[in-house]
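Let me begin by presenting the structure, written as structure tokens, before commenting on it.
The values are calculated or read from the model by the stated rules, or taken from the named source; none is laboratory data. These numbers come from a predicted model, not from an experiment. We place every Cβ from the backbone using ideal geometry, glycine too, and count neighbours over all the protein chains shown. Quick note on the areas: whole protein, heavy atoms, side chains included, nothing else; ligands and nucleic acids left out. Shrake-Rupley method; radii C 1.70, N 1.55, O 1.52, S 1.80 Å.
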Amino acid sequence: MTQVSATISDISADQIKPHLPDLCRILIDSVHNGAAISFMQNISPSDAEDFWRRDVTSAVQAGDTILFGAFDGNRMLGTVQLILAMPPNQPHRAEIAKMIVHPDGRRQGLGTALMSAALTKAQEVGKTLVTLDTRSGDISEALYRQLGFQQAGKIPDYAYDPDGKTRHATTYMYRYV
């Protein structure tokens, strides 16, 4: 595995707009390459932009989510979200969402770097448990296991693959930080 010299940074709500081209490219190209991250292969540029502008920007602005980006120079190659807003009976927990590395940046340590930054931040803000879900058997599941996540369970037929033809199971995982 070749490592890139990536910089991992928090991305504020104000910084999302200037990074929209990279964020949209990461999302669209990853979905077209088979990533199971809630979107279908027919995702349009406007759908991708709406997701980042509307959903993610408002969550980051509210302090409910921390968005991280992995940069190789000025080019963003990956992103992950640390969701901090949890129900009142779960103040100790955070959730990982949309851990996405562009196909050009995969197998270069970016996923590990992004996840490490998110886990460190979770600990810094007082979270003791981090949860996530991933397509069962996906390469990301192996990455999460390497980072110390444990399987909590699987749900069969949880979602469709991006091609809309096959349903896959999802694996719920957790890790103490």
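In this entry, residue 127 passes the filter for residues that are of a type in the set (Lys, Arg) and open to solvent by less than 30 Å² (accessible area, probe 1.4 Å). Here the condition is being over 16 Å from the mean Cα position of the chain (by Cα), open to solvent by less than 50 Å² (accessible area, probe 1.4 Å) and not basic (Lys, Arg); of 99, 86, it holds for 86 alone.
In the list 15, 41, which residue meets the criterion of being within 25 Å of residue 133 (Cβ to Cβ), over 16 Å from the mean Cα position of the chain (by Cα) and open to solvent by 40 Å² or more (accessible area, probe 1.4 Å)? Among 15, 41, only 41 is within 25 Å of residue 133 (Cβ to Cβ), over 16 Å from the mean Cα position of the chain (by Cα) and open to solvent by 40 Å² or more (accessible area, probe 1.4 Å).
From the list 96, 155, 100, the lone residue that is without any contact (Cβ under 8 Å) to a residue 24 or more places away in the chain, aliphatic (A, V, I, L, M) and within 25 Å of residue 32 (Cα to Cα) is 155.
Among the numbered conditions (1) open to solvent by 10 Å² or more (accessible area, probe 1.4 Å); (2) under 21 Å from residue 160 (Cα atoms), the only one that residue 48 does not meet is (1). None of 118, 85 is modelled with pLDDT of 95 or more, in contact with an Asp or Glu (Cβ under 6 Å, 6 or more places away or on another chain) and outside any strand (DSSP E or B) except 85.
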